[in-house]
1. Need the failing condition index for residue 187 against (1) in contact with a Phe, Trp or Tyr (Cβ under 8 Å, 6 or more places away or on another chain); (2) assigned to a helix (DSSP H, G or I), just the number.
2. Report every pair of residues separated by at least 6 positions or lying on different chains whose Cβ atoms are under 9 Å apart, first residue within region 186-199 and within 11 Å of residue 155 (Cβ to Cβ), second basic (Lys, Arg).
3. So, in region 144-154, how many residues would count as being away from the ligand (no atom under 16 Å from the Cβ) and not β-branched (Val, Ile, Thr)?
4. Working only within region 105-114, note down all residues that are more than 13 Å from residue 302 (Cα to Cα) and within 8 Å of the ligand (Cβ to nearest atom).
5. For residues that are out of contact with any Lys or Arg (no Cβ under 6 Å at 6 or more places or on another chain) and not in a helix (DSSP H, G or I), tally how many sit in region 225-247.
6. Could you list all residues from region 117-158 that are under 18 Å from residue 209 (Cα atoms), buried (at least 21 other Cβ atoms within 10 Å of the Cβ) and small (Gly, Ala, Ser)?
7. Do the conditions hold for residue 153, that is, is it over 23 Å from the mean Cα position of the chain (by Cα) and assigned to a helix (DSSP H, G or I)?
8. What are the pairs with Cβ atoms under 8 angstrom where one residue, in region 48-70, is within 14 Å of residue 141 (Cα to Cα) and the other, located anywhere, is among the basic types (Lys, Arg) and within 16 Å of the ligand (Cβ to nearest atom)? Sequence gap at least six, or different chains.
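The values are calculated or read from the model by the stated rules, or taken from the named source; none is laboratory data. As the structure is a computational prediction, the values presented were derived from the model and not from experiment. As a convention, Cβ positions derive from the backbone with ideal geometry for all residues, glycine included, and neighbour counts pool all protein chains shown.
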Amino acid sequence: MYRFLYWLVLQRLPAEGTHRVSFALLRVLVATPGLGALVRRLCTVRAPELRVHAFGRDLPGPLGLAAGFDKDAKGVGALLALGFGFIEIGTVTAEAQPGNPKPRMFRLPRDRAVINRMGFNNDGASAAARRLAHRPPGIVGVNIGKTKRVAEAEALADFTTSAERLAPLADYLVVNVSSPNTPGLRDLQAVDKLRPLLTAVRAACDLASPLRRVPLLVKIAPDLADDDIDAVADLALELGLDGIIATNTTIARTGLATPADRVAALGAGGLSGAPLKQRSLAVLRRLRARVGTKVTLIAVGGIENADDAWLRIRAGARLVQAYTGFIYGGPLWPRRLHVQLAAKVRAAGLSSIEDAIGADV
Ligand SMILES: Cc1cc2nc3c(=O)[nH]c(=O)nc-3n(C[C@H](O)[C@H](O)[C@H](O)COP(=O)(O)O)c2cc1C
């Protein structure tokens, strides 16, 4: 049904507009008395074998919605109602900002991919904090980034401002140093810059949330050289970081079925979806080899179905996330993936998905 609707209508509409309208419709639907409960009942998967423990919390399933879909925490309850095990909001920056000029999001249907150069359009940390203060139950991670107008020398203070405002409201906090659409941001992945940044954000979290230690994660790019991935992994161990999210979008444009001139005409931005699959998996495997089970790994990048999620979990991911797979799969996709994943757990003769984590390592 969704595929037919997508083929007939949605693929002809501008990607960002479609996102805005469908997300607004979903929020209205779930807020309508009676209908919200119905959506929740139809989409939530109650499969004990999918329950997974992470960051001191029990999640109903390992599939979460990746950052970027709900940048401003406007629809956490509606998205949880679709059957995601958790939602990551953001990227939120300390100051509100409009992002890059439109158009800035493009579908590549032949590649089941998206190119975006949104540039952290968001209402800022205070607005996100106000919304999160009234969020419904469920696991919500908060992803923070650098305000564009802030120079690299002031990046640390910018990140800690967001951390202080948002950590008390987050089940986990992510330092995003991997989006390709904020100039200079990815340079912060170099460990000599990342170490003081993560140390300062850790301190800000502890100051703002003295009674509950907020788990801290970093999200990395798939374009890092292997040595740099190892360096981030070592830093995570050194600092006692709670997790690493691998990966963000790539600036590469290799192996696409969409004609090269059309891709080039779309301009700069991060590529997500199916073409990212192999590299994201390779980064995950490299991280796992380096950190073992000491750091929680969240796999994201090109996850389209239960086979992809299963492979990442067996490669060492405790949780998985997706954005592009959800766009192409439609509103019933999270439920479908969880149902199929539960069947895989049972077919493997396991009673819990926890037993599959890292099974291929
Ligand atoms: C339109 C769009 C906007 C995104 N915005 C963010 C963002 O604000 N912060 C972030 O950390 N990742 C962002 N991402 C990256 C995703 O969270 C994810 O890491 C990436 O798309 C790879 O996963 P996928 O192949 O399942 O889409 C964005 C992705 C897309 C497609």
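1. The one condition residue 187 does not meet is (1).
2. Final answer for the pair search is 187/193; 188/146.
3. 5
4. If the condition is that a residue be more than 13 Å from residue 302 (Cα to Cα) and within 8 Å of the ligand (Cβ to nearest atom), then 105 is the only one that fits.
5. Summing the residues that are out of contact with any Lys or Arg (no Cβ under 6 Å at 6 or more places or on another chain) and not in a helix (DSSP H, G or I) in region 225-247 gives 8.
6. If the condition is that a residue be under 18 Å from residue 209 (Cα atoms), buried (at least 21 other Cβ atoms within 10 Å of the Cβ) and small (Gly, Ala, Ser), then 125, 128, 141 are the ones that fit.
7. Considered against the rule, which asks whether it is over 23 Å from the mean Cα position of the chain (by Cα) and assigned to a helix (DSSP H, G or I), residue 153 comes out as yes.
8. Pairs that qualify, where the first residue is within 14 Å of residue 141 (Cα to Cα) and the partner is among the basic types (Lys, Arg) and within 16 Å of the ligand (Cβ to nearest atom), are 67/219.
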